[in-house]
Amino acid sequence: MGACPQCHGLGRVHRTSEELLVPDPSLSVRDGAIAAWPGAWQGKNLRDILDALGHDVDRPWRELPADEREWILFTEEQPVVTVHPVRDADRIQRPYQGTYMSAHRYVMKTFSDSKSPTLRAKAERYLTSAPCPACGGSRLRPEALAVTFGGRTIAELAALPLVELAESLEGTSEAARVLTDDLRSRIAPVLELGLGYLSLNRPTPTLSAGELQRLRLATQLRSGLFGVVYVLDEPSAGLHPADTEALLTVLARLKASGNSVFVVEHHLDVVRAADWLVDVGPDAGEHGGRVLHSGPVAGLAGVEESATARYLSGRSPAPAREVREATGWLTTGPISRHNLRGVTAQFPLGVFTAVTGVSGSGKSTLIGEITEDSAGVGRLVSVDQKPIGRTPRSNLATYTGLFDVVRKVFAATEGARERGFGVGRFSFNVAGGRCETCQGEGFVSVELLFLPSTYAPCPDCGGARYHPETLAVTYRGRNIAQVLDLTVESAAEFFADTPAVARSLGTLLDVGLGYLRLGQPATELSGGEAQRIKLASELQRGRRGHTLYLLDEPTTGLHPADVDVLMRQLHGLVDTGHTVVVVEHDMSVVAGADWVIDLGPGGGDEGGRIVAAGPPAEVARSADSRTAPYLARALSGGG
């Protein structure tokens, strides 16, 4: 009832343009100038229909008259014509009736109506988004915007940073407080968690993981419950040290209210603040899984096996080393996007750069503006924490390309040659060698009465994924399923004399992933593991020329020992002539960088500018930087 009738409450409309629909105007229509059209026979039919309508489909697009280009791309007409296809030597095509659909109409129809995510994603490439001209992006119809509170419409109030909204509500009359008290009580815990820069209308997909986690905590703070067990998995992920201090205050309040708080955590400041510590290890995978200590934090100091104990007392001061000199400079900007307001940044090339700042200060936006064109380097590699696959069919071995080599190894065995098995026989994604009961997934869905369906190991293959005949083929005493069940560490020994496999496994070991199984489904991997797998995939390739590596919080979810392993790899890239830029909150990483760009001083409207830039020791002395005191502590070995 309140939504803008033109954008249906989205606040934005999608449009096409000639530049998007026709990226290469030197081509003719017959040669594929209209990239937005469907491919294969459907696209050919549209070209034939256009030809039958009397348009020149062989002339370069840029040479066609403007009114003709406009009609071809944007007409809403759908003329029906009889098409007489040109005969070729291989086949005779009969005449047929065809209906013309402009590129604009095709893209909009596909984007709004298609059930295929792939087709929708393709159509979206030819669309641009702009504020709705009817509501100006407010999402609401004029009748809803005619109502004001304190002189502002609901859209204007929702666009205010929460800290400003709270201030505006303080000045309301006693009568109005009946309406605003509940809103102010909801805003208070969000402000306490350092999220005052957010606005009510901020789209959820634009929030970082740390912001989302703190918003969930804010709802619990307001609930006033007691006797509750709160379980938080790495609540400090994505948080600046200053934000982590606010988090600790909130956790202490939950405990003081009569609740229990269980936290899985790597951030040492959070660990030190705990009343009770359970340390598991000593290492990962099959080398871990034992409780090394369960008791007060101080008791961990005597546990020699514990990797955590070695870091809890504080790292050694950052070693004094010569700061690398830049081989050149990359300038981006001015950038005015999200929280950034006209920022121009200079990134040194050939060194290790850390981009720092509190949550919401614009770090990810800043490095997101670096493109291959702007970088002026041989290659640009962005390594993020997005999943390497969204189904159990994707796994570590398939993503890295390792599985292709392993299947060739099995296909070359005497057992495979005797049975006439090729490489495809050892794939669980195609019919032939896989178990057809579970179609190579290793498990089946079990429907339960009155309960959600669940998964169980396949009754025929027992989770092995393959047909018994395929499993009869072995290499060095193991079948393909048993090889997929090996950890990276075990597989490295097993394939030590197979160079193509050993190289891939070696890079996975180098980034600290020796505990993962080769066939471990992508759905079981954390964001940090996915990021390190992507990095390992890059490291195993030949690195020719200058490459710029961009990583957004690569230490998320990593134990300090794993951080040290990862940093050795990244510094190794720089030592061989490449450039590494990381967005990072771990001050031990920042202290070891060659150059630091610090954004802030706060988040949202209070941030969005560069407050300090230079070597770590110089930034640590900055009076305007909220990062400075924590960086200074890390440089002195304070953890």
Check: Any idea of the accessible area per residue across the range 329-459, 1.4 Å probe, to the nearest Å²?
Finding: 49 Å²
Item checked: Residue (of 558, 471, 278) at the positive-pole extreme of the chain, dipole from beta-carbon charges -> 471
Notebook entry, point to check: Computed FRET efficiency, Cβ-Cβ of residue 341 and residue 8, R0 35 Å: what is it to the nearest 0.05?
Noted result: 0.70
Next item on the list: Could you list which residues have their amide H under 5 Å from that of residue 443, counting only those 5 or more apart in sequence or on another chain, with H placed in the peptide plane?
Entry: 458
Checklist line | residue 124 versus residue 152: modelled label distance in nm, points set 7 Å from Cα along the beta carbon direction | finding: 3.1 nm
Notebook entry, point to check: What FRET efficiency comes out for the pair residue 68/residue 431, r = Cβ-Cβ distance, R0 = 45 Å, nearest 0.05?
Noted result: 0.35
Note to self: Tell me the carbon and sulfur percent of the accessible area for the range 169-223, rounded to whole percent, probe radius 1.4 Å.
What the structure shows: 58 percent
Note to self: If I compute solvent accessible area with a 1.4 Å probe over the protein chains, what percent of it on the range 1-83 is carbon and sulfur?
What the structure shows: 51 percent
Next item on the list: About the Cα centre of the range 22-72, how large is the charge dipole given +1 on each Lys and Arg Cβ and -1 on each Asp and Glu Cβ? Please answer in debye to the nearest 20.
Entry: 180 debye
Check: Once fully extended, how much extra length lies between residue 44 and residue 371, figured as 0.36 nm per residue of separation less the alpha-carbon to alpha-carbon distance?
Finding: 114.3 nm
Item checked: Label-point separation, residue 445 to residue 496 (7 Å along Cα→Cβ), nm -> 4.6 nm
Next item on the list: Could you list, in their original order, any pairs among 44/109; 44/115; 44/408; 109/534; 115/386; 363/386 whose Cα atoms are separated by more than 28 Å?
Entry: 44/408; 109/534
Next item on the list: With +1 on each Lys and Arg Cβ and -1 on each Asp and Glu Cβ, and nothing else charged, work out how big the dipole of the chain is about its Cα centre, in Debye to the nearest 20.
Entry: 900 debye
Notebook entry, point to check: Long-range amide H contacts for residue 230: which residues qualify at under 5 Å (H placed 1.01 Å from N, peptide plane, sequence gap of 5 or more or a different chain)?
Noted result: 260, 261, 262
Check: Ranked highest first by average number of other Cβ atoms within 10 Å, how do 422-432, 350-360, 270-280 line up?
Finding: 350-360, 422-432, 270-280
Check: Can you give the extra length, in nm with one decimal, that the chain gains between residue 222 and residue 571 once fully stretched, where that is 0.36 nm per residue apart less the Cα-Cα distance?
Finding: 121.2 nm
Notebook entry, point to check: DSSP H helices in the chain with Cα extent of 24 Å or more along the helix axis and mean Kyte-Doolittle hydropathy at least -1.0?
Noted result: 174-192
Note to self: With a cap of 16 neighbouring Cβ atoms within 10 Å, and only residues DSSP puts in a loop, list the GluC sites (Glu not before Pro) found in the range 342-423.
What the structure shows: 369
Item checked: Extension gain, residue 482 back to residue 413 (0.36 nm per residue minus Cα-Cα distance, nm) -> 23.3 nm
Note to self: Please report the carbon-and-sulfur percent of the accessible area for the range 468-607; probe 1.4 Å, protein heavy atoms only, DNA, RNA and ligands left out.
What the structure shows: 46 percent
Next item on the list: Run the numbers on the chain and let me know its relative contact order in percent, using alpha-carbon pairs under 8 Å that are six or more apart.
Entry: 13 percent
Checklist line | Debye intensity ratio I(q)/I(0), log10, the chain, q values 0.05, 0.06, 0.07, 0.09 Å⁻¹ (C-alpha model) | finding: -0.32, -0.47, -0.64, -1.04
Notebook entry, point to check: Long-range amide H contacts for residue 12: which residues qualify at under 5 Å (H placed 1.01 Å from N, peptide plane, sequence gap of 5 or more or a different chain)?
Noted result: 132
Note to self: Please list 3J(HN,Hα) in residue order for the range 199-205, calculated via the Karplus relation 6.51 cos²θ - 1.76 cosθ + 1.60 where θ = phi - 60°; whole Hz, with x for glycine and proline.
What the structure shows: 10, 5, 8, 5, x, 4, x
Notebook entry, point to check: Which whole-number percentage describes the relative contact order of the range 68-200, with Cα contacts under 8 Å and a sequence gap of 6 or more?
Noted result: 15 percent
Checklist line | Accessible surface ranking that places the most exposed of 559, 14 first, with a 1.4 angstrom probe | finding: 14, 559
Notebook entry, point to check: Hey, what's the range 1-53 come to in accessible area per residue, 1.4 Å probe, Å²?
Noted result: 53 Å²
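The values are calculated or read from the model by the stated rules, or taken from the named source; none is laboratory data. Computed from a predicted model, the values in this text were never measured in an experiment. Cβ coordinates were reconstructed from backbone atoms using ideal geometry, including for glycine residues, and neighbour counts include every protein chain displayed. Just the protein is used for accessible areas: all its heavy atoms, side chains included, with ligands, DNA and RNA removed. Shrake-Rupley method; radii C 1.70, N 1.55, O 1.52, S 1.80 Å.
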